[in-house]
Structure formats: C-alpha cells, structure tokens
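Asker: Before anything else, here's the structure in question.
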Amino acid sequence: MHILILRILLLLSSALLSTACNGPAPQLKPDASNNFPVHPYEDSNPSSNHYGPATYSGVFLKPSELEPAVEFWRKTYAQWYRSNVAIHDDRYMDVIYEVIIVPGVVEESLTTEQKEHVKNRREFWKNELMVLDSKVRVNAALTASEKQILAKLRNNGRTLNAVLPGANERVRSQRGTRERFQKGLEISRQYDRQFRKIFREAGLPEDLAYLPHVESSFQPNAKSSAGAVGMWQFTKGAAKTFMPAGDRIDQRLDPMASATGAARYLKFAYNKLKDWPAAITSYNHGIGGMKKAQNQVGHDFATIVRSYDGPAFGFASRNYYAQFLAAREIASNPMQYLR
C-alpha cells in the first residue's frame, strides 16, 4: 500500500514539474523501441564501452574517450555561432539536449534578457531530467521524447545508474564562438611563424603555438577575472617566474615575450609531468594540481578526466586538453571546418 501511494505521489510530482517548466519541450524523434528499464536504472541490454584505442595527433596523445569532448569543442569553435547556445551535460559531452537560438540582436555579450532566456532553458531541462529520474525509479510509462533522452544518456555504452542520477545537476549551457574563433584565426596569422620558431628553438612541438585559441582567441589585450593578462594569459606570479625579465618588467601584453614565457613554462611542466595532455592541462590547472591528480589516479589522462575529483579540477580543467585538440584541428585545416 505504501509503495502504491509513493508511486502516485511521484507521478503527480512529475506532472506538476512538467507544467512548471519554461517553454515546451523540443520535438524529438520517437524512439523505435518501447523498451525501458524494468528496474530503476537497470539496462535491459547494456552494451560494452564504445571507445576505441587512443591515437596520436602528431606528438599529442588523443585518447578515444576524449573524442566526444573534442567533437563538442569543434562544434563550439566552428559550427555554433554566438547566437547559438548548447544545453548539455557537463560530464558527458556528447549529451546535448538542445541548441537554442538566442532571441534578438546578439552581440559579444548577452543582454540581461538574453541571459534570462538561456537560464530558463537550463531550468527547463533540469526539471525534465528530475521528472525522468522519478518516472524511471517507479517504472512509469515514458513518452517518446523521454525515451530519446534516455538514448542520449545511454550512448557510448553508458548505463543509466551511472548517468541518470544527478543529471539534472549537470545541466550546463555553452555559447558558440565561431565568429570569435575566426577572428582569432585571422589575428594568429601575423604571429604563427614567430611563435613556432620560439617553440621549435625550445625543443618543443611547434603546434603549441595554437594554445592562444583556447586562452584568448589571440586577443592581445585579453584580461580574465582571475587576473591573467594578454594573449597567453599570464598571471603576475607566473610572469615573474617564466617570462624574460619578468621579475623587473611586466611584459604580459607583449605577445612575443609571453610566447617565450609559455615555452619556458610548458617545457618545465612537461619535464615534471612526463606527458603532453597533463602538461597542457597544467596551463589551466597548475603543475602541482596535475601532479596531485597523477598521484591519486595514475598517469592515464582519460582516467584523470573521468575520475579525478580534486576540488579545483572542474569543467574548465577537465576540458582544457580537449579544447586544445579541437582548436588545433580547426586552425590547422580551416577550410574543412570553417567553410
């Protein structure tokens, strides 16, 4: 009797949450199958992990497990314009619930009303996922759209007990940056040869010259909320250690001095961490932070991204190397991605 009452209350809660959502659900294609879990989160036919072996892109390891994230950032940089906002799962980057078009004239920064519109869509999807979670728990009938969401969550061999609980808390929004990336690509042409020379002479891979696409989109006067400055986004402390005459002169707005500092830093980081995924990620997360991650979960970078839960190792750090790989792929072959 108590179980029956609980089920009724959960279904009533689902209906109330659905009506409270902001706007209608997008029209998703119906799932051809009518199957859904017999028990909460239990897949009737779980598949094996779909990821293949890691590959190398030049000297840079490309773990196959990172490919969904790399693809996500390729879309962000080259496919989605600044008027597009993807609503997605912040852990499983292939789970994109919808891509909305922001209403009105969209500039570099969104207006208060446009930000509110994006927030409302995030809240809508949080509510949808809460409803879906409650329905799966009691084995309630699912709509075609809800089955489509489950299919997204179960992609790449994932099981529902791994991804559905807490999915509502992982909803995130990401604006497209195609215009910004294209502008950065144009600016980069005047620096590319000199940057490559700096890295080559330091005995480092020349393609590290693509890193400002991730840091600043090659904006020479870029400033971050954390106090990082310039095309290569140096903080004062890092500049004093790695930039030429950094202990006497602030040259963070000088692209060449900053590139030299970046080469010194990345060489130091690589010698400490012993692989490029970790060394490049340390540009965002710090050498000490990445060393701690290696000590806790090992040197396999995909495992670090998947499993390391250091308090400062958040979305930006988890995705930094994937962003670099995506930016490098696009910048090295713009005709393929930016037609």
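The values are calculated or read from the model by the stated rules, or taken from the named source; none is laboratory data. Everything numeric here is computed off the predicted structure, so don't read it as measured data. All Cβ positions, glycine included, derive from the backbone under ideal geometry; neighbour counts span all protein chains shown.
Asker: Quick check on this structure: which one of Glu108, Glu98, Glu123 is within 30 Å of Ser216 (Cα to Cα), part of a loop (DSSP other than H, G, I, E, B) and among the charged types (D, E, K, R)?
Answerer: The match here is Glu108.
Asker: Any idea which of Tyr265, Tyr270 is hydroxyl-bearing (Ser, Thr, Tyr) and closer than 18 Å to Leu61 by Cβ?
Answerer: Within the list Tyr265, Tyr270, the selection yields Tyr270.
Asker: Let me confirm something: among Gln194, Gln190, which residue is part of a helix (DSSP H, G or I) and over 19 Å from the mean Cα position of the chain (by Cα)? Step through it out loud before you land on a result.
Answerer: Details: Gln190 fails: part of a helix (DSSP H, G or I).
Just a single option satisfies the conditions, and that option is Gln194.
Asker: Kindly indicate whether any position in region 201-210 is out of contact with any helix residue (DSSP H, G or I) (no Cβ under 9 Å at 6 or more places or on another chain) and either more than 13 Å from Thr260 (Cα to Cα) or of a type in the set (Lys, Arg) (or both).
Answerer: no
Asker: Among the strands (runs of 3 or more DSSP E) contained in region 51-94, which hold 2 or more residues that are at pLDDT 95 or above?
Answerer: 84-89
Asker: Also, I was wondering about something else. Pick from Ser216, Ser224: which is surrounded by 15 or more Cβ atoms within 10 Å (Cβ to Cβ) and either without any contact (Cβ under 8 Å) to a residue 40 or more places away in the chain or touching a helix residue (DSSP H, G or I) at 6+ places or on another chain (Cβ under 6 Å) (or both)?
Answerer: Only one candidate qualifies: Ser216.
Asker: Of the numbered conditions (1) part of a helix (DSSP H, G or I); (2) at negative phi; (3) in contact (Cβ under 8 Å) with a residue 12 or more places away in the chain, Asn156 fails exactly one; give the number of that condition.
Answerer: It fails just one condition, (2).
Asker: If you don't mind, another one. Which of the numbered conditions does Ala238 fail, given that it passes all the others? Conditions: (1) at pLDDT 95 or above; (2) touching a Phe, Trp or Tyr at 6+ places or on another chain (Cβ under 7 Å).
Answerer: The single condition Ala238 does not satisfy is (1).
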